[in-house]
Amino acid sequence: MNFTTIEGGICAPQGFSAAGIHCGIRHNHAKPDLALIKADVRCAGAACYTTNKVYGAPITVDREHLADGYAQAILVNSGNANTCAPGGVELARETCRLAAQALGVGEADVLPASTGVIGQAMTIAPFASGIPACAAQLAHSPEGSLNAAFAIMTTDTHPKQVAVEFTLGGKTCRMGAIAKGSGMIHPNMATMLLFITTDAAMEPAVLQKALSSVVPATFNQISVDGDTSTNDTVLLLASGLAGNTPVAADSEDYVTFVAALTQVAETLCRELAGDGEGATKLLECIVTGAPTLQVARDVSKSVIHSTLFKAAMFGEDANWGRVLCAIGYTPGDFSIDKTSVRLKSAAGEVLVCENAAHHIFSEEEAAKILQESEIQILVDLGCGDAMAKAWGCDLTYDYVKINGDYRT
């Protein structure tokens, strides 16, 4: 299924407003650092979080507040991760209290999130003045979504948002999202901060099932640098204001909803991977002919995670041996004997490997293909029917520069 893309980001669905401002967490006053997303009504909620054993204080509070399956607001700061920081959990709870007062919602209906430097202390002062100021700027508009998208950025080079329209039970529904993520991306849920809104009517358990089913094939298939962040969070709120009958888990409407969520997720996966720190190229590895879905996913991710291959893509070098090497060290029981590899972009397509061996090709033609900003690596294992995708980026000098002085 393909759904119509619309404007408005997280404010496209009925009942959602957003804002983003600078409140003083960042020293650079030109960079906004506080975002609010508010629903007009209590929403069904779902979430997925990082699997890192070290995780941010906001995740602890999120889990507490979302235990009943409902929420009404999301509060996000950039510039400080509130991870391994003194008094971090209490500070996260206090920010929720301040947001609840400013928004007129229940304290337990506020979900906090943070991104930025790990291990630095935070104070409540910027939130105490910033939350009311941000709440005063909430808008049910594309500008509200865009301002929030700017406010959650760290090393991102541009804001990331998307919205789509679809039909459930004869009712027009919408779904919107914003995301941030550029470095420290190697998910095992998730890869970033990502917030999704929809006006579809969904019960919390069904909403969580849908999100949990989409994550493995999308957000868990991105890798920029191999580091699973401490604060990775995906939150999904459903207002129900579209007026459809609540979606049952075994219905055609559920299939449609999951397809819409998948389209939103894949769009943002490409955005996040393509904006990896220092990146010049988006890499998409599509694996077909795998014996199982797990093998297909593992192989595709292994290829785009290979440091040597990522460096070759930066150098526009069709070094297909690095692809085959990454396939070979992927865990799983499968044969590589029939493996073929093609490199593809807007400039054309070239077969560089066949039956796990060299295939004669033009280096000049391959170099032209690799000059493009988006490269597909098409791998056919030739030993099954399963397929999967993964997204990454090239490895450049600038990645080291950015992370060499990240705290400054």
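Here Leu268 passes the criteria (1) buried (at least 24 other Cβ atoms within 10 Å of the Cβ); (2) outside any helix (DSSP H, G or I) except the one numbered (2).
Here Asp40 passes the criteria (1) at pLDDT 95 or above; (2) within 24 Å of the chain's Cα centre (by Cα) except the one numbered (2).
Yes/no matrix, rows are residues, columns are (1) closer than 30 Å to Ala200 by Cα; (2) at pLDDT below 95; (3) assigned to a helix (DSSP H, G or I):
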{"residue": "Phe257", "(1), (2), (3)": "yes, no, yes"}
{"residue": "Val264", "(1), (2), (3)": "yes, no, yes"}
{"residue": "Gly278", "(1), (2), (3)": "no, yes, no"}
{"residue": "Ile286", "(1), (2), (3)": "no, no, no"}
{"residue": "Gly289", "(1), (2), (3)": "no, no, no"}
{"residue": "Val295", "(1), (2), (3)": "no, no, yes"}
{"residue": "Val299", "(1), (2), (3)": "no, no, yes"}
{"residue": "Asp337", "(1), (2), (3)": "no, no, no"}
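Part of a helix (DSSP H, G or I), surrounded by fewer than 20 Cβ atoms within 10 Å (Cβ to Cβ) and modelled with pLDDT under 95: does that describe Ala311? Against the criterion (part of a helix (DSSP H, G or I), surrounded by fewer than 20 Cβ atoms within 10 Å (Cβ to Cβ) and modelled with pLDDT under 95), Ala311 qualifies.
With a cut-off of at least 3 residues that are surrounded by 21 or more Cβ atoms within 10 Å (Cβ to Cβ) and in contact (Cβ under 8 Å) with a residue 60 or more places away in the chain, name the strands (runs of 3 or more DSSP E) lying wholly within region 339-400.
Those strands (runs of 3 or more DSSP E) span 374-380, 386-393.
Just checking, does region 125-141 include any residue being crowded, with 17+ Cβ neighbours inside 10 Å, assigned to a strand (DSSP E or B) and either in contact with a Gly (Cβ under 6 Å, 6 or more places away or on another chain) or touching a residue at least 60 places away in the same chain (Cβ under 8 Å) (or both)? The answer is no; no qualifying residue exists. A Cβ distance below 8 Å, combined with a sequence gap of six or more or placement on separate chains, defines the contacts here; from region 142-157, residues that are assigned to a helix (DSSP H, G or I) reach residues that are at pLDDT below 95 and surrounded by fewer than 22 Cβ atoms within 10 Å (Cβ to Cβ) in the pairs Leu146/Pro159; Ala149/Pro159; Phe150/Pro159. Does region 61-72 contain at least one residue that is under 18 Å from Thr95 (Cβ atoms), under 19 Å from the mean Cα position of the chain (by Cα) and buried (at least 22 other Cβ atoms within 10 Å of the Cβ)? Yes, that holds for at least one residue.
State which residue is nearest to the chain's Cα centre (by Cα) when the search covers only region 153-168 and only residues that are modelled with pLDDT under 95 and not β-branched (Val, Ile, Thr). My answer is Lys160.
Per-residue answers, yes or no, for (1) assigned by TED's automatic domain parsing to the domain that holds Gly176; (2) assigned to a helix (DSSP H, G or I); (3) not charged (D, E, K, R):
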site	(1), (2), (3)
Ala19	yes, no, yes
Cys23	yes, no, yes
Arg26	yes, no, no
Ala30	yes, no, yes
Lys38	yes, no, no
Cys43	yes, no, yes
Thr51	yes, no, yes
Val54	yes, no, yes
Pro58	yes, yes, yes
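Glu364 falls short on exactly one of the conditions (1) out of contact with any strand residue (DSSP E or B) (no Cβ under 9 Å at 6 or more places or on another chain); (2) within 23 Å of Val215 (Cα to Cα); (3) of a type outside the set (A, V, I, L, M, F, W, C), and that condition is (2). If you go through region 1-37 and pick out every residue that is closer than 22 Å to Ala260 by Cα and either free of Cβ contacts under 8 Å to residues at least 40 places away in the same chain or surrounded by fewer than 24 Cβ atoms within 10 Å (Cβ to Cβ) (or both), you end up with 11.
Taking the conditions exactly as written (within 21 Å of Ala177 (Cα to Cα), in a loop (DSSP other than H, G, I, E, B), modelled with pLDDT of 95 or more and of a type in the set (S, T, N, Q)), does Asn231 satisfy them or not? Criteria not met by Asn231.
Every test in (1) at pLDDT 95 or above; (2) in contact with a Phe, Trp or Tyr (Cβ under 8 Å, 6 or more places away or on another chain) is passed by Ile59 save one, and that test is (1). Here the condition is being more than 24 Å from the chain's Cα centre (by Cα) and among the β-branched types (Val, Ile, Thr); of Thr83, Thr123, it holds for Thr123 alone.
The values are calculated or read from the model by the stated rules, or taken from the named source; none is laboratory data. Bear in mind the structure is a predicted one, so any value in this text is a computation, not a measurement. Cβ sites come from the backbone with ideal geometry, for glycine too, and all protein chains shown count toward neighbours.
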